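Have a look at the structure below before the remarks.
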Amino acid sequence: MTAKPMGPIPPDHAASGMLMLGGEAATALVERHGSPLFVYDMGVVAARVARFRAAMPAGVALHYAIKANPLPALLARMAPLVDGFDVASQGEMAAAFAVQRADLVSFAGPGKSAGEIQAAVIAGVTLNVESAREVEVALSMGCRPKLAIRVNPSFELRGSGMRMGGGAKPFGIDEDEVPALVRRIVDAGAEWRGLHVYAGSQTLDAEALIEAQRQTVMLAARIADEAGVAPPSVNLGGGFGVPYFAGDEALDVERVGTALGRTLDEPPSTLDGCSFAIELGRWLVAEAGVYLTTVLDRKTSHGETFLVTDGGLHHQLAASGNFGTVVRRNYPLAVADRIGAEPQEVATVAGRLCTPLDRLGDRVALPRAEEGDLIAIFLAGAYGATASPTAFLGHPPAGEIVVG
Ligand SMILES: *Cc1c(COP(=O)(O)O)cnc(C)c1O
């Protein structure tokens, strides 16, 4: 029975062994709000935004891709911190409108229905169109749509956890078809908003991002040249990753920013006057979130210790290894009131669902935890509650609160 490595425990969370979140003890938050509980610390989010602004060239806009965490209370706090929201459905659009001006919202995503397109056009949202059909539907709406084209680039984002560009993809429009479609949009009298290139997600490789951004700028210049119209704005995508697992190294965002500064210092002449944006989800919110779950049962099977909790993959699918990973690895976790304590045993932290998939931590070295103790699973701020099969087995949903 060997312990498996955990991911890195975010260093700023511990004070005297007790996990503190927004200045309050994790155990006190659970007493007040119940267990299991997602806690999102807006102080951590604000620090991420500040780091982005310091690292990136002045004038590069920051958009929040709200699918990473669309909790209304979090969106309300996020709205003043960023320059726009990117949404991917009509439901997300409604969530964005509660706290954000419609002209600061853009809508990407394959397979937009006529109803969604109509709602977006009437509201004045920028549609990042993903097919010629979407362009025609938007143009038929009887009011002037704001249209940008999502381009499926011929290059890939190397090292990304999820590739969303390069080769055959359901996302965007193949780059060779884009210049003619730009002409169609401009000639039809729509408001031309520019280009959007989203090549992938979850990369920790600064060089790969630098290269993808450089290629995106060159691609935008080529399209502008062929179409004979400059894009008012180019969304360079995002893809900034977070180190989830032992051995992962955090992305060097400052290096990405310095290189982007060099690229944008001398932009191709066809991009004169063009503004640039980057859209991020996970990198802004993942580290701000902790999933807290209480040990219901401590048991032994064939010599192995199991801590069965009141949570599970129905709340935090990603930590169970069943969301976008091939090999299951442990997310960082800890006993919430003994951060930094010496490990005393190796235990498997299980969820309460009746499926072997429901493991939140596989053979983790931990201080001894008993019934009633609180387990903290870190990096739970992105793709948690809304990216998990909450209806599976019919347990109640986890609480979600914003602190800090
Ligand atoms: C999912 C998605 C994002 C956010 O990705 P993260 O990995 O959370 O940063 C941004 N843009 C588009 C188009 C997406 O589909």
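Of all residues assigned to region 148-168, at least one qualifies as being crowded, with 16+ Cβ neighbours inside 10 Å and without any contact (Cβ under 8 Å) to a residue 24 or more places away in the chain.
Does T2 satisfy being among the hydroxyl-bearing types (S, T, Y), modelled with pLDDT of 95 or more and either surrounded by 15 or more Cβ atoms within 10 Å (Cβ to Cβ) or closer than 27 Å to F306 by Cα (or both)?
Working: among the hydroxyl-bearing types (S, T, Y): yes; modelled with pLDDT of 95 or more: no; either surrounded by 15 or more Cβ atoms within 10 Å (Cβ to Cβ) or closer than 27 Å to F306 by Cα (or both): yes.
It is false that T2 is among the hydroxyl-bearing types (S, T, Y), modelled with pLDDT of 95 or more and either surrounded by 15 or more Cβ atoms within 10 Å (Cβ to Cβ) or closer than 27 Å to F306 by Cα (or both).
Given the criteria surrounded by fewer than 17 Cβ atoms within 10 Å (Cβ to Cβ) and without any contact (Cβ under 8 Å) to a residue 40 or more places away in the chain, does R133 qualify? The answer is yes for R133. Selection over region 175-231 of residues that are touching a strand residue (DSSP E or B) at 6+ places or on another chain (Cβ under 7 Å), closer than 25 Å to I117 by Cα, more than 14 Å from the ligand (Cβ to nearest atom) and of a type outside the set (V, I, T) gives a count of 9. Going by the conditions given, is M20 surrounded by 17 or more Cβ atoms within 10 Å (Cβ to Cβ), touching a Lys or Arg at 6+ places or on another chain (Cβ under 8 Å) and at pLDDT 90 or above? Answer is no for this residue. Given the condition at pLDDT 95 or above, more than 16 Å from the ligand (Cβ to nearest atom), more than 19 Å from the chain's Cα centre (by Cα) and buried (at least 21 other Cβ atoms within 10 Å of the Cβ), answer yes or no: does some residue in region 244-256 qualify? No, the conditions are met nowhere in region 244-256. A single entry from A336, A250, A259 fulfils the requirement of being in contact (Cβ under 8 Å) with a residue 60 or more places away in the chain and either touching a Cys at 6+ places or on another chain (Cβ under 8 Å) or not charged (D, E, K, R) (or both): A336. Applying the criterion of being in a loop (DSSP other than H, G, I, E, B) and either modelled with pLDDT of 95 or more or aliphatic (A, V, I, L, M) (or both) to the residues of region 180-204, the residue that is surrounded by the fewest Cβ atoms within 10 Å (Cβ to Cβ) is G189.
The values are calculated or read from the model by the stated rules, or taken from the named source; none is laboratory data. Quantities reported herein were computed from a predicted structural model and do not represent experimental measurements. Neighbour counts run over all protein chains shown; Cβ positions are idealised from the backbone, glycine included.
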